[in-house]
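The values are calculated or read from the model by the stated rules, or taken from the named source; none is laboratory data. The model shown is predicted, which means the values in this text are computed figures rather than measured ones. Virtual Cβ from ideal backbone geometry, glycine too; neighbours counted across all protein chains shown.
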Amino acid sequence: MTDERKTELQRNLDEVNARVAAACAAAHRVRADVRVLAVTKTFPASDIDLLAELGFTDVGESRDQEARLKKAEVKAFLRWHMIGQVQRKKAKQVAHWADLVEGVDRADLADALQLGAQSAEKNLEVLIQVSLDPDGTQNRGGVDRGQVVALAEHILALSHLTLAGVMAVAPLGGDPEAAFELLARAHERLLGVAPGAQMVSAGMSGDLEAAIIHGATQVRIGGALLGNRPPLT
Ligand SMILES: *Cc1c(COP(=O)(O)O)cnc(C)c1O
């Protein structure tokens with residue numbers, strides 16, 4: 001069973017790697033500059049251990065409780081990314097299990113994560129989630145592009161947070177290339193105040209090529225790697 005699953009994951013990984021390599025070649029980018037984050041939400045801890053055996057160093061989870069339970073079960077040493085929306089009241093818990101929180105889109109959430117990181121006596125990496133939705137239709141989360149620098153300045157002043165870059169989700173039904181180009185421009189402005197914030201987390205199973213063309217340094221892959229998942233409730 002485990003062997004079969006491992007073979008299946010390896011086959012999926014080979015396909016994902018081939019897509020990433022082709023996209024890097026098309027964009028004249030170095031393959032080593034794009035990391036694949038395995039998005040393991042809804043999949044069991046045993047899959048995470050298999051992914052670690054296949055060479056993964058980082059996994060992404062979107063729900064606090066699920067992530068905590070799985071992290072306690074997983075044997076491998078990995079870096080855990082929180083990729084879902086974080087409620088302020090959950091920030092302290094998230095700061096304990098996560099190494100990197102993708103998706104900070106407001107100052108009060110940054111403050112809450114700072115308190116959590118302080119109490120956990122650790123440094124927490126964070127990405128600013130940038131909204132790529134047309135103005136006024138905020139459905140996939142994120143700070144407005146015009147507010148990225150102000151939020152960055154707020155985060156830079158917090159002792160236990162390290163601003164590592166930006167993250168975004170392309171709008172549903174829109175042109176992902178146009179959206180990721182907006183992200184690249186927001187990232188450029190961010191680098192003006194935070195030159196260390198090099199990470200661009202963008203692209204999922206369906207649009208990783210568009211993200212890589214526009215500078216993604218990390219793609220977040222769930223379905224293409226692990227298979228179909230039941231819808232989140
Ligand atoms: C679930 C999820 C992904 C992975 O999506 P797939 O389409 O399964 O690759 C990536 N990013 C975020 C924020 C997610 O919630």
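Side notes on the structure shown:
- Condition check for A112: surrounded by 16 or more Cβ atoms within 10 Å (Cβ to Cβ) and farther than 26 Å from G203 by Cα: yes
- Hits in region 32-46 (condition: surrounded by 13 or more Cβ atoms within 10 Å (Cβ to Cβ) and free of Cβ contacts under 8 Å to residues at least 40 places away in the same chain): P44, A45
Here's the yes/no breakdown for (1) buried (at least 17 other Cβ atoms within 10 Å of the Cβ); (2) farther than 16 Å from V86 by Cβ; (3) within 16 Å of the ligand (Cβ to nearest atom):
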{"site": "Q129", "(1), (2), (3)": "yes, no, yes"}
{"site": "D133", "(1), (2), (3)": "yes, yes, yes"}
{"site": "V148", "(1), (2), (3)": "yes, yes, no"}
{"site": "E153", "(1), (2), (3)": "no, yes, no"}
{"site": "G173", "(1), (2), (3)": "no, yes, yes"}
{"site": "R185", "(1), (2), (3)": "no, yes, no"}
{"site": "A194", "(1), (2), (3)": "yes, yes, no"}
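- Residue, farthest from the ligand (Cβ to nearest atom), within region 218-228, restricted to residues that are touching a residue at least 12 places away in the same chain (Cβ under 8 Å) and assigned to a loop (DSSP other than H, G, I, E, B): G227
- Failed condition for L158, given (1) closer than 17 Å to D108 by Cβ; (2) touching a Pro at 6+ places or on another chain (Cβ under 9 Å): (2)
- In region 14-33 there is no residue that is out of contact with any Leu (no Cβ under 6 Å at 6 or more places or on another chain), closer than 30 Å to L115 by Cα and at pLDDT 95 or above.
- Only a single criterion out of (1) surrounded by 14 or more Cβ atoms within 10 Å (Cβ to Cβ); (2) not charged (D, E, K, R); (3) not in a loop (DSSP other than H, G, I, E, B) is not satisfied by L158, namely (3).
- Residues located in region 171-205, provided they are in a loop (DSSP other than H, G, I, E, B) and modelled with pLDDT of 95 or more: A194, P195, G196, A197, Q198, A202, G203, M204, S205
- Flag for W97 being within 19 Å of Q198 (Cα to Cα) and among the aromatic types (F, W, Y): no
- If you go through region 171-212 and keep only what is more than 29 Å from L226 (Cα to Cα) and of a type in the set (F, W, Y), you end up with nothing.
- Residues in region 1-31 that are within 16 Å of the ligand (Cβ to nearest atom) and crowded, with 17+ Cβ neighbours inside 10 Å: L9, N12, L13, V16, R19, V20, A23.
- Qualifying residues in region 65-104 (those that are at pLDDT 95 or above, within 14 Å of T42 (Cβ to Cβ) and touching a helix residue (DSSP H, G or I) at 6+ places or on another chain (Cβ under 9 Å)) - the one nearest to the ligand (Cβ to nearest atom): A67
- Helices (runs of 4 or more DSSP H) fully within region 1-120 counting 3 or more residues that are in contact with a Gly (Cβ under 8 Å, 6 or more places away or on another chain) and on the phi < 0 side of the Ramachandran plot: 91-97
- Residue check, G215 within 12 Å of the ligand (Cβ to nearest atom), part of a loop (DSSP other than H, G, I, E, B), surrounded by 14 or more Cβ atoms within 10 Å (Cβ to Cβ) and touching a residue at least 24 places away in the same chain (Cβ under 8 Å): no
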